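One structure below.
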Amino acid sequence: MLIFSPTTIRSLNPQPLPYLSFSHSISLPLPLRSLPTPSKSPHFPSFHINCIDAAQPFDYESHLKNRYIQSTSLKIAIIGFGNFGQFLSKTFLRHHHTLLAHSRTNYADLANHLGVSFYADPHDLFEQHPDVVLLSTSILSTETLLKKLPFQRLRRNTLFVDVLSVKEFPRNLFLKYLPPDFDILCTHPMFGPESGKTSWAGLPFVYDKVRIGDEESRIKRCDKFLDIFEKEGCRMVEMSCMEHDKYAAGSQFVTHTMGRVLEKFGLESSPINTKGTLWSSWKGWIWHSSRLRRTCLGGSIRFIGSNCLGIIMERWRRRGVWLRSCLAMEV
């Protein structure tokens, strides 16, 4: 340790110190020679500064953070930048992933506002060589879209992901149209812009690793994508596409059927609307219609009740149709 005063410089350590290093860049040769007596003019010894290593930039830690983010981030291309695609992109960006988008509708301004690069031409999109291509399209347009995509502009081991509400249908299309070297991950986030508006914690996320290569990089890439939903608190459920459609057949049938019925009725909003869920309305309608059927004219007035729906759903299950009938309905 050194003490500097106006007249003297002395070392508290009697043993010679070869070097004293400061930070990363300077060293001072020691011991320092004693100053001459005060009767003579003061003579200070010269300091020799030697470079040990290059000085680091002041924001070195931020550079390290940026390098880490780049090493763990994915370049994700979203095809179909509608409500659900925009909904997912906000979370992907929060996890520091690079987002690209393509859609039939021009969402360039909205994408730019969110921080997403929008490409009107799929050729330009695929020339960016995304790690993941995520299909967020309607069920009816999926096959037509896959037939038109320029797969030859992608890397041969690109990961394709879908988020459709049915699973066997996109799985079969992927296996039919995608090159054999491409990876396939079929997923179904069991939530949307409304139910997942505030948080994804506890919400189920179903996925099936249909075809993932054996290379470590391809396995890690798939895990990185799934890690987005796991970090958001989703309840991760791995099951086959067939099993998913078996469980979802009932709820999908009710949803699509009620949607078609309400569409045909042409119901409009009124100033005396009541608040509730579709399930509560459905149960109330079944209960009231069953009571009315039993009491009105000995059952001569017929209503479509729970028995009829149960018979129809059971026939669908026995024939193995599951949700394929829904594909023909424009909801």
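The values are calculated or read from the model by the stated rules, or taken from the named source; none is laboratory data. All figures in this text were calculated on a predicted structure; none of them were measured in a lab. Glycine gets a Cβ as well: all are built from the backbone with ideal geometry, and neighbour counts include every protein chain shown.
Okay, here's what the table says:
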| quantity | calculated |
| --- | --- |
| Within the range 107-152, helices (runs of 4 or more DSSP H) holding 1 or more residues that are of a type in the set (D, E, K, R) and within 22 Å of residue 188 (Cα to Cα) | 142-148 |
| Failed item in (1) closer than 21 Å to residue 79 by Cα; (2) touching a strand residue (DSSP E or B) at 6+ places or on another chain (Cβ under 9 Å), with residue 236 passing the rest | (1) |
| Checking residue 81 against (1) in contact with a Ser or Thr (Cβ under 7 Å, 6 or more places away or on another chain); (2) within 21 Å of residue 222 (Cβ to Cβ); (3) not in a helix (DSSP H, G or I), the condition it does not meet | (2) |
| Residue list for the range 152-172, filter: over 20 Å from residue 238 (Cα atoms) and touching a residue at least 24 places away in the same chain (Cβ under 8 Å) | 153, 154, 155, 156, 157, 158 |
| Meets criteria (assigned by TED's automatic domain parsing to the domain that holds residue 192 and either touching a His at 6+ places or on another chain (Cβ under 9 Å) or farther than 30 Å from residue 243 by Cβ (or both)) for residue 118 | yes |
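Rundown of residues vs (1) modelled with pLDDT under 60; (2) in contact with a strand residue (DSSP E or B) (Cβ under 7 Å, 6 or more places away or on another chain), yes/no style:
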| position | (1), (2) |
| --- | --- |
| 42 | yes, no |
| 46 | no, no |
| 68 | yes, no |
| 73 | no, yes |
| 89 | no, yes |
| 97 | no, yes |
| 107 | no, yes |
| 117 | no, yes |
